[in-house]
Ligand SMILES: [Zn+2]
């Protein structure tokens with residue numbers, strides 16, 4: 001069965017939010033002394049977001065909110081969402097033991113606000129003067145059960161303590177979550193502790209903050225106060241955030257440069273951004289090679305689906321690509337990744353949200369890391385170890401469900417070797433999710449392996465298992481993937497329909513010394529690269545013939561490498 005492509009056309013990126021965000025239509029709360037508090041250190045207003053200054057004093061009515069870990073009793077950093085008298089309530093500010101993060105995307109007119117506790121004890125949360133009753137939903141990433149509780153307002157202070165239960169401890173098993181695609185300004189190191197609190201409260205260990213030029217804002221945005229180690233905050237043990245660049249060209253597409261020691265200018269080419277660089281030069285291939293030489297981990301963004309004639313396949317054939325980002329909050333793109341895998345170009349998947357793009361969340365969903373990548377590491381990784389872990393291929397991308405894969409005792413990123421002629425392998429995929437799943441599947445060389453799914457529910461968590469014996473005659477790959485709950489708030493505000501999803505990196509299954517190489521896939525890839533060469537020859541904008549010749553020579557090198565021996 002051919003894989004159904006699940007993608008959002010690029011034109012959706014330009015669609016305005018269907019309705020003004022309901023949060024901003026709520027009656028505003030009057031706080032005394034707000035003017036003073038806005039000048040306080042610790043608050044920040046940037047192009048992409050605002051960390052709101054803490055509320056200076058108790059108001060007429062307030063919640064005194066404590067969120068604790070059910071196991072340890074320890075105060076927890078977590079996200080919360082309030083309804084009061086039946087309507088969503090977002091206070092203008094909350095107490096200093098909490099964090100209010102408002103994010104915005106200018107061009108799309110998208111805004112959303114997340115409320116967090118910092119894990120430092122009880123947080124004061126102002127309520128509307130006429131508050132009678134309400135409901136609170138608390139979440140912390142995907143490894144705690146989201147909790148929803150009603151409360152009654154009787155008098156000025158309502159004390160609430162909520163216990164969150166962890167159902168899965170991925171770091172204890174060596175898996176660390178990262179959002180590899182964030183676009184927020186980091187202008188002042190003083191704000192890093194707020195970012196680290198928000199990532200922790202959303203259950204993430206790592207975040208990559210990527211500078212851009214153009215699109216949302218004309219010049220550079222999501223600016224970072226420094227690149228490389230000087231711009232990194234946090235530690236291996238507590239988690240860290242690190243700057244990078246999303247380098248884009250209107251024709252060539254988008255690439256993610258995670259963690260290089262410098263920003264790689266001009267950040268945008270092909271007429272994108274201001275001041276514009278008209279040429280489709282340098283080729284993204286050269287940018288990727290430079291990013292690697294500066295210590296960066298370098299990949300194709302958005303599954304090679306953005307840009308008018310994206311060159312990600314070319315760059316991967318030339319060996320310049322470290323990963324393929326297959327998912328953002330608003331898209332899941334498997335086609336280019338599967339094609340490369342079938343040609344024996346085995347790359348790990350990656351994922352991230354693309355915030356502040358499409359910041360609309362259901363109350364159980366994290367804001368940061370709604371789409372994330374889990375990477376396996378023997379100990380809490382620093383950036384260098386994290387990079388090695390991704391390169392090793394031990395990666396699971398998810399926007400909710402946790403997914404395990406076992407192929408003859410080997411997990412994602414590993415290799416199973418069969419004797420010449422091939423043989424059978426036992427494959428098991430296990431999905432775990434507190435939200436009802438839709439499907440869990442085993443994929444072999446891009447095709448779903450049909451069969452039965454064993455479905456159970458234990459302690460509020462769905463456990464769906466697929467176990468198959470698969471006959472492998474030729475070298476190839478096996479992965480697991482899953483789909484889950486609909487993203488209701490995303491659909492409501494943007495019209496984009498996506499489900500929570502998960503996909504493991506692949507296990508290579510090699511037969512004798514035969515390489516992974518589907519002749520049909522190689523033909524398809526070669527045809528596509530020839531087609532692209534012709535487009536760049538005719539329509540690429542270059543300053544001179546040397547630049548054009550240099551670019552076309554890359555295509556020629558890739559086409560030669562994809563020819564079979566008797567074609568050479
Ligand atoms: Zn992009």
Quick one: what pairs do we get from the stretch 237-261, first residue more than 15 Å from residue 210 (Cα to Cα) and in contact (Cβ under 8 Å) with a residue 40 or more places away in the chain, second in a loop (DSSP other than H, G, I, E, B) and within 12 Å of the ligand (Cβ to nearest atom), C-beta under 6 Å, 6+ apart or different chains?
-> 250/272; 252/307; 253/306; 253/307; 253/310
Might you let me know whether the stretch 368-388 holds any residue that is assigned to a helix (DSSP H, G or I), touching a strand residue (DSSP E or B) at 6+ places or on another chain (Cβ under 7 Å), more than 21 Å from residue 172 (Cα to Cα) and not assigned by TED's automatic domain parsing to the domain that holds residue 492?
-> no
By residue number, the members of the stretch 297-336 that are more than 15 Å from the chain's Cα centre (by Cα), in a loop (DSSP other than H, G, I, E, B), away from the ligand (no atom under 16 Å from the Cβ) and within 28 Å of residue 359 (Cα to Cα) are 322
For the stretch 51-60, indicate whether the set of residues that are part of a strand (DSSP E or B) and modelled with pLDDT under 95 is non-empty.
-> yes
Tell me, yes or no, whether the stretch 254-267 has at least one residue that is assigned to a loop (DSSP other than H, G, I, E, B), surrounded by fewer than 20 Cβ atoms within 10 Å (Cβ to Cβ) and touching a strand residue (DSSP E or B) at 6+ places or on another chain (Cβ under 6 Å).
-> no
Out of (1) over 28 Å from residue 44 (Cβ atoms); (2) touching a residue at least 60 places away in the same chain (Cβ under 8 Å); (3) not in a strand (DSSP E or B), what's the single condition that is false for residue 194?
-> (1)
So which of 179, 185 is in the same structural domain as residue 264 (by TED's automatic domain parsing), more than 16 Å from the ligand (Cβ to nearest atom), crowded, with 19+ Cβ neighbours inside 10 Å and within 30 Å of residue 310 (Cβ to Cβ)?
-> 185
Return the total of residues in the stretch 539-555 being without any contact (Cβ under 8 Å) to a residue 40 or more places away in the chain, surrounded by fewer than 14 Cβ atoms within 10 Å (Cβ to Cβ) and under 15 Å from residue 279 (Cβ atoms).
-> 4
With criteria (1) within 16 Å of the ligand (Cβ to nearest atom); (2) surrounded by fewer than 22 Cβ atoms within 10 Å (Cβ to Cβ); (3) modelled with pLDDT of 95 or more, residue 216 comes up short on (3)
Which of the residues spanning the stretch 268-295 are part of a loop (DSSP other than H, G, I, E, B) and either over 28 Å from residue 384 (Cβ atoms) or within 16 Å of the ligand (Cβ to nearest atom) (or both)?
-> 270, 271, 272, 273, 274, 275, 276, 277, 278, 279, 280, 281
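The values are calculated or read from the model by the stated rules, or taken from the named source; none is laboratory data. As the structure is a prediction and not an experimental result, all values here were calculated from the model. Heads up, the Cβs are rebuilt from the backbone with ideal geometry, glycines too, and the neighbour counts pull from every protein chain shown.
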